[in-house]
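Notes to accompany the following structure.
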Amino acid sequence: MSESSKLPDGLPELLAHLHERQEKRGNCTMRDRAELWLRFGGEQMDISPPNFHHALATWLANAGLVHKDKTQDVAAVLYCLGVTNSNNLFQKVNQGKLVALGIGKNGRRNAKSKK
């Protein structure tokens, strides 16, 4: 595991850890959210409101949770279900509140990243 987070490195262990947090209704810290987003290529994606659903679906495909051929379908479903970018990692990124955690306002990894 990296020094900056308590998140496991391997995908099976990471998923087990996230399942455990969900079952306990435990919160993921903003540091954990930032690291998780950056791990699977989030720094290369535009997470502005018009592109949010596509970026999220692409991230899910990069993480191996969605088949790459289904990315556009997943984006459309997320949009229809009303999955929003408010009050979570994506809103905090757009507000510039995660610069100290390595994500700039554009959603990409920034130079001020703590390692």
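Overview of values
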read-out: Scope region 29-59; condition within 20 Å of Pro12 (Cα to Cα), open to solvent by 40 Å² or more (accessible area, probe 1.4 Å) and hydrophobic (A, V, I, L, M, F, W, C); matching residues; value: Phe40
read-out: Test: residue in region 1-12 that is without any contact (Cβ under 8 Å) to a residue 12 or more places away in the chain, assigned to a helix (DSSP H, G or I), of a type in the set (D, E, K, R) and more than 20 Å from Asn110 (Cβ to Cβ); value: no
read-out: Close pairs from region 16-34: first in a loop (DSSP other than H, G, I, E, B), partner surrounded by 13 or more Cβ atoms within 10 Å (Cβ to Cβ) and among the aliphatic types (A, V, I, L, M), Cβ under 8 Å, at least 6 apart; value: Cys28/Leu18; Cys28/Leu36
read-out: In region 60-74, the residues that are within 17 Å of Leu36 (Cβ to Cβ) and either open to solvent by less than 50 Å² (accessible area, probe 1.4 Å) or not polar (S, T, N, Q) (or both); value: Leu60, Ala61, Ala63, Gly64, Leu65, Val66
read-out: Scope region 85-99; condition open to solvent by 30 Å² or more (accessible area, probe 1.4 Å) and either within 14 Å of Leu36 (Cα to Cα) or modelled with pLDDT of 90 or more (or both); matching residues; value: Asn88
read-out: Qualifying residue in region 75-84 (condition: modelled with pLDDT of 85 or more, open to solvent by 70 Å² or more (accessible area, probe 1.4 Å) and among the aliphatic types (A, V, I, L, M)); value: yes
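The values are calculated or read from the model by the stated rules, or taken from the named source; none is laboratory data. Because the structure is a prediction, the values reported are computed rather than measured. Cβ sites come from the backbone with ideal geometry, for glycine too, and all protein chains shown count toward neighbours. Areas reflect the complete protein model, heavy atoms only, side chains present, ligands, DNA and RNA absent. Shrake-Rupley method; radii C 1.70, N 1.55, O 1.52, S 1.80 Å.
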